[in-house]
Amino acid sequence: MHGRFDSLYIKLQQVDTQPVTHLSYQALGQVDHGDFRVMNRKQSRRFGPAQIPSTVPRLEMMFLWCVLVLVNLVSVATDTNAGVKVRLTQKGLEYGRQIGIASIQQKLRTIQLPDISGTEKVDPIGKVQYSFTGKDSGSFDLSVSELTISTTIAITSDDTGRPTVSMTNCAATVGSVNIKFHGGASWLYNLFRSFINKALRNALQKQICPLVAESIADINPHLKTLNGDMINYVLITVLAKVDQYAEIEYSMMGSPVISNTFIDLGLKGEFYNIGQHKEPPFSPKPFSLPPQDTNMLYFGVSAFSINSAGFVYQTAGVLHLYITDDMIETMYPDLMVKLLVETVKEPLVTFEPNNMTVQASSTVTAYAIQPNSTLSPLFVLNLEGSVSAHIYVTELKLAGNVTLNNFTQCCCQLASRQFKHPDRKRPSIGTSQQFKIIVLEMMFLWCVLVLVNLVSVATDTNAGDKVRLTQKGLEYGRQIAIASIQQKLRTIQLQDISGTERVKAVGKVQYSFTGMQVVNLGLPKSALRLVPGTGVMLSIDNVYINLRGNWRVKYLRIIRNSGSFDLAVSELTISTTIAITSDNTGRPMVSVTNCAATVGSVNVKFHGGASWLYNLFRSFINKALRNALQKKICPLVIRSIADTNPHLKTLNGDMINYVLITVLAKVDQYAEIEYSMVGSPVISNTFIDLGLKGEFYNIGQHKEPPFSPKPFSLPTQDTKMLYFGISAFSINSAGFVYQTAGVLRLSITDDMIGKMYPDLMVKLLVETVKEPLVTFEPNNMTVQASSTVTAYAIQPNSTLSPLFVLNLEGSVSAHIYVTELKLAGNVTLNKFKMSVAESYVGPFQVAFLDTIFTMVLRVAVLPLVNARLREGFPLPAIGKMQLVNSQLQVLKDYLLIGTDVQFNG
């Protein structure tokens, strides 16, 4: 048996004074030759307000009554206020109703009535044995109408704090049953039709409620597995990981609060240290959501929830930061200083209308760095400051940025220990010029402190490499995006539309539109602009879509007609905002934060049959088709944008309007380079900047070098689609990796360079004593290296006898170029200086070795170095792209590569 539900009426109602409030719905159904048809029947129940007997002697009974109700309704655990609240409105419930009806309809299609048989005495024939089965004999049609289903659904929470639903009551009533028999002795059945009607009615009635209950119960596995297919209930993860330090608990605090217009869920909304759930020294305050209902869902996030995050990071000890001269301008001209900035208690967040403020109390401890690298304390400042925060939603996350309001410093404590430094006096603290410089620098330090308070320590790292996408690159990306969206919109499938409309002179007309398909579509005008701090806005104008379908009508009860129609849609506009962020692996990701589609003009042309009839109520048809089409567009645009993320994760690189970054790119058997993002993208009115780690590591062993990346900014160039900034830190980290791996060494023998000594076979071992140092100056790249050269005499029995050890300090100039997606180069010798470190043959002058070692370096060492440099190392991988018209500049502290791109595939 199968059927179709046309509509179902759902309303919220509070049921008596039971411990949980319920969701109830009612529906009226009809079975006609196996078809179910559902019509509206709206019923409501009114409840009068609870009244206190007039004999109550005290007004305090009002309070006692409230307490009594709370005790009756919820457990003791729900006395705690919620940190986060979620509200489902009537609009959200209506969306849920559509999903619920589809699920119930699918379940009711599985109705299987058992065979019915029995004996009935019929005048004037006598005893008649009968049966209703699926076997061949005579046949019958069963038509059921005015079928009513009413069920009550309870919404509660399980013992893990997740929401759960259950059906507490169900009633199904079959109104009218009509049976028509065919073949055989069907006239006989007509003699006891009323009995047969009753038997079939009861059999059908018993099938409905169990199937509805099954459909409702099917929701709970989704609530437990959190797959999120059902949208009419809020699916909550009990513990959501934030980062390596924190997780947030979203378990329900008690039963939902259900009114006539909304459902409210109270969630714990509290941050905890991972694996250690310690309560903060403050509690959530009660708050209520405002009576807004224009959206499906409302989330209320309390100050308690945000402040518990501050408590967690303070407890974890990560709200501190070391600042040295190389991170900011030198604070003392003749003294190296190190500052330790750390919070003394958790930051305090306060919410006021249209304003969010963060206050923090910190200390700043200043140290002098001695020549032997030990630290001598200078002074300690107490720092009180506040910032204003701008909060926004990106995908399923709450994010933000801050701006400095004010700060005060006080209680400067001099260090009691004696400051020692050769030929220098201890800096004067108080009115000295140096101290004034320190105080002015606190502006910068406070901004850094706020960032530490709000984000993890990992984001304090400067980028080793940077990638900039310009307006020219965005324009290229727009072309690709439009092609993708156009392809997705061609898949529009409008559901069949049917209904009834009253038309003058004709009366009631039943109509349907079916088989609608897109035959032509165009996106002639589009623009992509940057939204600072968020991402990009894509707007598409003057979209046109042509569809073709079939129509069918029934009027004057007996007249049926059909034909085809053409639907022309023009002046359609689409506007969408796309956020660009990073996922937890450091890869970029995109999401649609807003989408709006507006259909301008709709024109329907009917062909064949009684198409003149449709023209009588054309405006109604236009509106129905317009709404159906409008609802389809944004989901397809969102899906087109979301299709980018698999490319960002698998790095296949088909989508080119976003930079696709490999987190780890293998260089060779010793090294790999990490290109994960070190923070959110910087988005201005003219470009998007991605900060990448850009650091080389030994494969399988990620050891940090003894130096850090310095901040650098890309110049304001925009003639190319992409710009890559490769810092000296990035190149120097490669030197550290190869030095750690022990591969920066070379053995040189006579057969490699010719005989060095006429009467002696010699072997030289050249090896670096520390990692090479690369420096970038405008139009010049220099590499300095410190090495030792150990000379051995090769005895006739092949044993080695040491002759001497030389210290070798040298520098080379490098020529860098781009080949395919790699950065490669070659070097030429500038100069070198040698000195004797140890001699096993007595004193000698090294000057006579200059010619020999110049030849050694040029003939043996540098060719091997250049062969390796020609192999290059990979640039940040951006999909399946080719670099076009690349230009490379050497600037102060970094390389700049400007390039256009082409994508294949």
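Laboratory data are not the source of any read-out in this text; all were calculated from the coordinates shown. In this text the structure is predicted, and so the values were computed from the model without any measurement. Because the Cβ atoms are built from the backbone with ideal geometry, glycine has one as well, and the counts that use them run over all protein chains shown.
Which entries in Lys91/Lys206; Lys85/Lys397; Lys666/Lys703 show an alpha-carbon gap greater than 23 Å?
Values: Lys91/Lys206 33 Å; Lys85/Lys397 15 Å; Lys666/Lys703 16 Å.
Correct reply: Lys91/Lys206.
Label separation (Gln882 vs Thr719): 2.3 nm, computed from points 7 Å beyond Cα along the C-beta direction. At most 12 other Cβ atoms within 10 Å and a DSSP loop assignment: could you name the chymotrypsin sites (Phe, Trp or Tyr not before Pro) in region 92-161 that fit? Sites meeting the loop and neighbour criteria: none at all.
Each Lys and Arg Cβ is given +1 and each Asp and Glu Cβ -1; about its Cα centre, region 664-903 then shows a dipole of about 100 debye.
Gain on full extension, evaluated as 0.36 nm per residue between Ser839 and Gln292 minus their Cα-Cα distance, stands at 188.1 nm.
His320 to Lys710: FRET efficiency via 1/(1 + (r/R0)^6), r the Cβ-Cβ distance, R0 22 Å, to the nearest 0.05?
E(calc), rounded to 0.05, equals 0.55.
Pairs exceeding 23 Å between alpha-carbon atoms, taken from Lys488/Lys720; Lys107/Lys623; Lys107/Lys508; Lys710/Lys892: Lys488/Lys720; Lys107/Lys623; Lys107/Lys508.
Length gain on complete extension for the stretch Phe140 to Asp115, per 0.36 nm per residue less the alpha carbon to alpha carbon distance?
7.6 nm
Using the Cβ-Cβ distance between Ile699 and Val301 with R0 set to 56 Å, the FRET efficiency from 1/(1 + (r/R0)^6) comes to roughly 0.85.
Both radii were evaluated on the Cα set of region 492-649; the Rg over Rh quotient, with Rh as the Kirkwood radius, amounts to 1.13.
The label-point distance for Asp850 and Asn797, in a model that sets each label 7 Å from Cα toward Cβ, rounds to 4.0 nm. Between Trp612 and Thr173, the C-beta separation translates, for a Förster distance of 41 Å, into a calculated FRET efficiency of about 0.45. Seen from Gln517, the other residues with C-beta closer than 13 Å to its C-beta sum to a net charge of +1, counting Lys and Arg as +1 and Asp and Glu as -1. Between Thr819 and Asp218, the modelled label-to-label distance comes to 6.1 nm, taking each label 7 Å out from Cα in the direction of the beta carbon. Candidates Thr576, Trp612, Leu556 compared by Cα position along the dipole of region 543-632: farthest toward the positive end lies Leu556, with charges placed on Cβ. Distance between the C-alpha centers of region 850-904 and region 94-108? Whole Å please. Region 850-904 and region 94-108 have Cα centres separated by 62 Å.
For Met537 and Ala203, the difference between the fully extended length at 0.36 nm per residue and the C-alpha to C-alpha distance is 114.4 nm.
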